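Participant: Take this structure first; my questions come after.
The values are calculated or read from the model by the stated rules, or taken from the named source; none is laboratory data. Quick caveat, the model's predicted, so the values are computed rather than measured. Glycine gets a Cβ as well: all are built from the backbone with ideal geometry, and neighbour counts include every protein chain shown. These area figures cover heavy atoms from the full protein model, side chains too; ligands, DNA and RNA do not enter into them. Shrake-Rupley method; radii C 1.70, N 1.55, O 1.52, S 1.80 Å.
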Amino acid sequence: MRQLTSVFILDQPEDLDWTTDTSLVLMEESLRRGHRVCWCPLNGLHLVDGIPHAQVTTPARLSSPNDLRVGDTANLDLTTVDVIHMRKDPPVDIAYLQATYILDRVPTHVLQINPPDALRRHCEKLIPLHFSDMAPESVVAARASELSAFLNHCGRIVVKPLEECSGRGLFLVAVEDPNHSALLEQATRQGTRFVQAQRFLPEVVAGDKRVLLLDGSILGAVRRLPAPGDFRANVNAGATCHPCTLNAQEIALCTRVGRWLAAEGILLAGIDLVGEWLLEVNITSPSCLREINELEGTSLEATVLDSIEARCRG
């Protein structure tokens, strides 16, 4: 295999968790195979006369995230690279969306994981609505009155900012809580932000299942158990990871979602299952690869790189 040049668009090194970050293990595997690995923050992207560029650093090793600070720096023409990994964590804010406009200028011979048009078209919280029979009841609104009506219908709801990840900004709201009106006003920032309200699923106390999909097929899965006293099954919110298997119904659900993802050109995704329900589909920076490896004794990053190299061979 010829040497590939891969650019990873990431958060700042100090914001990465070496023990859990999926991007870093993908970079390590790329380096192990002799590929050139570069990284840049979101604001390193820029256009020069319509040509997309990135101010990148090329680390020689990755023994810790601090190694990202060490290496050659260059202004790289992104039309000359082989692979771009857009793995900046949400929020999917105006700067994130504007960055996708720059990545739109990258020619089609460059493999983008995941493509900017897909990142722009699809909100991770709302992808399950493409599969209405598998998605919990939900409402998306910016007015607290509409959320309050849904709360009265359900009794308990989880309110989620559309642009966030990792359990940030989530509220569990109960109709009997005398503060529920204030919580809904706070979540919507007094009617200036759209949020999703989902019917609360009591099954989440037994955890959710994060399933990684690669090119529409199941790559691996892990159960995430919320921390005591919490309902969020996010690792960054204190959840712990445990081995799991997928039953026939869950495999069928993943297969169905996988076909849709493949049709949308989304190579790597993480889907969250609670019971028989599809909660979210993470396409910005799918995680838990390292946790699955540690629990199952696998090296899933090798499978991901095999797929990338096969695509780059054409």
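Participant: How high is the relative contact order of the chain, given as a whole-number percent (alpha carbon pairs under 8 Å, six or more residues apart)?
Facilitator: It comes to 18 percent, rounded to a whole number.
Participant: Looking at the stretch 221-314, which GluC sites (Glu not before Pro) are DSSP coil and have at most 15 other C-beta atoms within 10 Å of their C-beta?
Facilitator: Passing both the DSSP loop test and the Cβ count: Glu276.
Participant: How high is the relative contact order of the stretch 4-54, in percent, counting Cα pairs under 8 Å that sit 6 or more residues apart?
Facilitator: It comes to 46 percent, rounded to a whole number.
Participant: Right, here's the next one. Sort Thr73, Thr57 from largest to smallest accessible area, using a 1.4 Å probe on the heavy atoms of the protein chains.
Facilitator: My answer, sorted largest first, is Thr73, Thr57.
Participant: Work out the length of the dipole vector of the stretch 1-121 about its Cα centre, built from +1 on the beta-carbon of each Lys and Arg and -1 on the beta-carbon of each Asp and Glu, and round it to the nearest 20 debye.
Facilitator: 380 debye
Participant: Now, a different point. Using label points projected 7 Å from each Cα along Cα→Cβ, tell me how many nm separate Leu246 and Thr192, to one decimal.
Facilitator: 4.2 nm
Participant: I need the phi-derived Karplus couplings for the stretch 242-248: 6.51 cos²θ - 1.76 cosθ + 1.60, θ = phi - 60°, integer Hz, Gly and Pro marked x.
Facilitator: 9, x, 7, 10, 9, 7, 4
Participant: Related question: Determine the dipole magnitude for the stretch 194-309: charges of +1 sit on the beta-carbon of Lys and Arg, -1 on that of Asp and Glu, nothing else is charged, the reference point is the Cα centre, and the result goes in debye to the nearest 20.
Facilitator: Roughly 320 debye for the stretch 194-309.
Participant: Leaving out ligands, DNA and RNA, and with a 1.4 Å probe, what % of the accessible surface on the stretch 112-157 is carbon or sulfur?
Facilitator: Result for the stretch 112-157: 48 percent of the exposed heavy-atom area is carbon or sulfur.
Participant: Kindly report, to the nearest 10 Å², the accessible surface of Ser145 as traced by a 1.4 Å probe over protein heavy atoms only.
Facilitator: 80 Å²
Participant: Would you be so kind as to identify which of Leu300, Gly229, Asn152 lies farthest towards the positive end of the dipole of the chain, taking Lys and Arg as +1 and Asp and Glu as -1 on Cβ and the Cα centre as origin?
Facilitator: Value computed over the given set: Leu300.
Participant: DSSP beta bridges in the stretch 1-114, what fraction antiparallel, as a percent rounded to 5?
Facilitator: Of those bridges, close to 50 percent are antiparallel.
Participant: Let me check I've understood the local charge: for Arg156, count other residues with C-beta under 11 angstrom from its C-beta, Lys and Arg +1, Asp and Glu -1. What total comes out?
Facilitator: -1
Participant: By how many nm would the segment from Leu129 to Asn43 grow when fully extended, if each residue of separation counts as 0.36 nm and the alpha-carbon distance is taken off?
Facilitator: Length gained between Leu129 and Asn43: 27.8 nm.
Participant: Calculated FRET efficiency, Met1 and Asn179, Cβ-Cβ r, R0 51 Å, to nearest 0.05?
Facilitator: The calculated FRET efficiency here is 0.30.
Participant: Across the stretch 45-54, in residue order, what do the Karplus-derived ³J(HN,Hα) couplings come to in whole Hz, using 6.51 cos²θ - 1.76 cosθ + 1.60 with θ = phi - 60° and x for Gly and Pro?
Facilitator: Once θ is set to phi - 60°, the couplings for the stretch 45-54 become 7, 7, 10, 10, 6, x, 8, x, 10, 9 Hz.
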